[in-house]
Amino acid sequence: MDVFLARQPIFNKLKEVVSYELLYRFSNKNYSGMIDGDFATSDVINNSILINNIETITSGKKAFINFTKNLLLNNTPLLFRKDLIAIEVLENITLDYDVVAAIIKLKESGYTVAMDDFTYYEEFELIKNHVDIIKIDLFNTSKNECINIIKNTRNGKIRFLAEKVETMEDFNWAVDHGFSYFQGYFFSKPEVITYKDISPHRLSVLQLLNEINEDNPTFDKITNIIEKDVALSYKLLRLLNSAAFTFVSEIKSIKHALALLGIDEIKNWVTIISLREIGEDKPQELTRVSITRARFAELISLKCELNYRSKECFLLGLMSMLDGFMNVQWNVLLEHLPISSDIKNAYVGDKGPLSDLYGLILAYEVGDWELVHHYCEGLSINLDEILQMYLQASIWSATLLIA
């Protein structure tokens, strides 16, 4: 049985990630179709990667997990620690006597209960005082309906989560109308699209990222790029003189520090510093997703015919959210990026050698498992290996962000 698992961030009003929703599916080897949700019994979940790796997958944050009626009645949520999950009650579950009893039991046991894709109905009053979070789909629910749901269900304890928040306009509207949590890709989109050009400082950061991902990056070129940028030089020197590094002598110059670090360490640290510098006014999730995509793309490439282009695939993932970082539309941004036409084609949706790999990453992130299967077949990637690659990439990015 194949296991697919991905995560989507949930933000608070400060655009800080407070939780993740886990998207998971179990499927037959022949991929003739996804197994029905009720077939994913407690035994399947208990023996899966979901239980054993949940803290790794969510970086210790609470995981929102969908549970079918059968899983609720079988007490499957009790397999998880109550501080690690929020139980999502699916919108198609009828609130009959047994389901109501199960929800009340879980709440009294200390679990967080969330209603998924909520629309108001009278039976909800039976569990209203046992629900912590109501999730409302902004795409499929009108603004007036959203306002009425909040008005009819607010009790001083329930918090509201807006799903499919795809633009900053959506986010701002939701904040103004009583939502506390937000799920969607608004954080990755340009907030301002009127820039005609890229600032010299951010352009130097792009040049630095490009140089460290060359096949044979050189200290002289890296040093030259950094030394031309006062802000970047200061931040690098401050970091390299910190307790994170234990050099015998004090770091006196950029070149001196780079020579002591070695090229592999330089790549890791410069990647993080550069992305943080570009996105200092952006949610950290933007950096995390970029780094995860970079490693994920590299790992996928090593398992297919793109193995000789693994570094280019790393760069493909690394720079894939630069439009959101820099508040610049792709058509403007790509004019300034010294990257291959194959990477550019992938970003804008044109066909090319790297387009299927990029499509696979995007499909995996949003849990479009049928499309994941399609791209895996095209790239001759073993489905069994995709989850492990995703986990490796997630762990790698988390390690870099902590360092």
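Being small (Gly, Ala, Ser) and buried (at least 18 other Cβ atoms within 10 Å of the Cβ) is the requirement here; does ALA101 meet it? Give the steps one after another, and end with the answer.
Numbers: small (Gly, Ala, Ser): yes; buried (at least 18 other Cβ atoms within 10 Å of the Cβ): no.
Considered against the rule, which asks whether it is small (Gly, Ala, Ser) and buried (at least 18 other Cβ atoms within 10 Å of the Cβ), ALA101 comes out as no.
Only one of TYR111, TYR120, TYR185, TYR181 is farther than 20 Å from TYR20 by Cβ, of a type in the set (Phe, Trp, Tyr) and either surrounded by 13 or more Cβ atoms within 10 Å (Cβ to Cβ) or modelled with pLDDT of 95 or more (or both). Can you tell me which? Outline the logic, then answer.
Details: TYR111 fails: farther than 20 Å from TYR20 by Cβ; TYR185 fails: farther than 20 Å from TYR20 by Cβ; TYR181 fails: farther than 20 Å from TYR20 by Cβ.
TYR120 is the lone residue from the list that is farther than 20 Å from TYR20 by Cβ, of a type in the set (Phe, Trp, Tyr) and either surrounded by 13 or more Cβ atoms within 10 Å (Cβ to Cβ) or modelled with pLDDT of 95 or more (or both).
So TRP396 clears everything in (1) over 21 Å from GLN8 (Cβ atoms); (2) part of a helix (DSSP H, G or I); (3) in contact (Cβ under 8 Å) with a residue 40 or more places away in the chain except one condition, right? Which one?
Among (1) over 21 Å from GLN8 (Cβ atoms); (2) part of a helix (DSSP H, G or I); (3) in contact (Cβ under 8 Å) with a residue 40 or more places away in the chain, TRP396 violates only (1).
For MET168, only one of the following conditions fails: (1) under 24 Å from LYS62 (Cα atoms); (2) among the aliphatic types (A, V, I, L, M); (3) surrounded by fewer than 17 Cβ atoms within 10 Å (Cβ to Cβ). What is its number?
(1)
Please count how many residues of region 128-165 are assigned to a loop (DSSP other than H, G, I, E, B) and surrounded by fewer than 21 Cβ atoms within 10 Å (Cβ to Cβ).
If we filter region 128-165 for residues that are assigned to a loop (DSSP other than H, G, I, E, B), which is where we start, we get 131-132, 138-142, 154-158, 164-165.
Those still in the list that are surrounded by fewer than 21 Cβ atoms within 10 Å (Cβ to Cβ) too: 132, 139-142, 154-158, 164.
Qualifying residue count, region 128-165: 11.
Inside region 349-371, can you point out the residues that are assigned to a helix (DSSP H, G or I) and either assigned by TED's automatic domain parsing to the domain that holds LEU22 or closer than 17 Å to CYS313 by Cβ (or both)? First the steps, then the outcome.
From region 349-371, those assigned to a helix (DSSP H, G or I) are 355-365, 369-371; that's our starting set.
Result: SER355, ASP356, LEU357, TYR358, GLY359, LEU360, ILE361, LEU362, ALA363, TYR364, GLU365.
I want to confirm something. Restricting to region 297-311 and keeping residues that are of a type outside the set (Ser, Thr, Tyr) and more than 17 Å from LEU362 (Cα to Cα), which single residue is farthest from the chain's Cα centre (by Cα)? Quick ask: steps written out before the conclusion?
Let us first name the residues in region 297-311 that are of a type outside the set (Ser, Thr, Tyr), namely 297-300, 302-307, 309, 311.
Next cut, more than 17 Å from LEU362 (Cα to Cα) only: 302-307, 309, 311.
Values: LEU302: 22, LYS303: 23, CYS304: 24, GLU305: 26, LEU306: 24, ASN307: 25, ARG309: 24, LYS311: 21 Å.
Ranking the candidates gives GLU305 first.
Step by step: first the residues of region 53-84, then only those that are more than 16 Å from the chain's Cα centre (by Cα) and buried (at least 21 other Cβ atoms within 10 Å of the Cβ), then the one that is nearest to THR399 (Cα to Cα). Which residue is that?
Residues of region 53-84 more than 16 Å from the chain's Cα centre (by Cα): 53, 66-84.
Keeping just the survivors that are buried (at least 21 other Cβ atoms within 10 Å of the Cβ) gives 67, 71-72, 76-77.
Values: PHE67: 30, LEU71: 34, LEU72: 35, THR76: 31, PRO77: 29 Å.
It comes out as PRO77.
Six or more apart or on different chains, Cβ under 7 Å: which pairs go from a residue in region 79-93 that's closer than 12 Å to ILE133 by Cβ to one that's of a type in the set (Val, Ile, Thr)? Could you list them?
ALA86/THR112; ALA86/ILE133; ILE87/ILE65; ILE87/THR112; ILE87/VAL113; GLU88/ILE65; VAL89/ILE103; VAL89/VAL113
Given the condition part of a helix (DSSP H, G or I) and small (Gly, Ala, Ser), answer yes or no: does some residue in region 329-340 qualify?
No, there is no match, as no residue in region 329-340 is part of a helix (DSSP H, G or I) and small (Gly, Ala, Ser).
The values are calculated or read from the model by the stated rules, or taken from the named source; none is laboratory data. Remember, predicted model here, so these are calculated numbers, not experimental data. Cβ sites come from the backbone with ideal geometry, for glycine too, and all protein chains shown count toward neighbours.
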